[in-house]
Amino acid sequence: MNVIQKLFSKPKKAKIEFCQRNLEQFLQEENYAAYNEFLSRKNVAYKEFECQSRCKECRLSPYAIVNGDFVSAEDSDELLKKMADYID
């Protein structure tokens, strides 16, 4: 890729998918503002599904699918940090 293309190429949007049930179970109210700020970024596109058929993982910890990759964490705060690190 030449220099001009690198300078003027659009950054790709990160595609993040959540399970609604997982969010309800693990997302804490004190993290709402941080998640809202993160998901409002221009380079982030997210979608919430009622169920993603990952019941075993869903019961154990918070998770998200980031650009097709499964990302899980101990708590919702750590998940947010992992998602941010993944797309930055």
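For this structure, a couple of remarks:
- Residue that is nearest to the chain's Cα centre (by Cα) [pool: residues in the stretch 75-88 that are surrounded by 11 or more Cβ atoms within 10 Å (Cβ to Cβ), free of Cβ contacts under 8 Å to residues at least 40 places away in the same chain and farther than 16 Å from E17 by Cβ]: K81
- Pairs where the first residue, in the stretch 37-50, is touching a residue at least 40 places away in the same chain (Cβ under 8 Å) and the second is of a type in the set (D, E, K, R) and in a strand (DSSP E or B), C-beta under 9 Å, 6+ apart: V44/K15
- Considering residues of the stretch 32-60 that are part of a loop (DSSP other than H, G, I, E, B) and hydroxyl-bearing (S, T, Y) only, the residue nearest to the chain's Cα centre (by Cα): S40
- Selection count where residues are out of contact with any helix residue (DSSP H, G or I) (no Cβ under 7 Å at 6 or more places or on another chain) and exposed (fewer than 10 other Cβ atoms within 10 Å of the Cβ), scope the stretch 13-63: 10
- Of all residues making up the stretch 61-71, the number that are within 10 Å of the chain's Cα centre (by Cα) and of a type in the set (S, T, Y): 1
Taken together, the values in this text are just the output of simple stated rules run on the coordinates, not laboratory data. Keep in mind it's a predicted model, so treat the numbers as computed, not measured. Don't worry about glycine lacking a Cβ; one is built from the backbone with ideal geometry, like all the others, and counts go over all protein chains shown.
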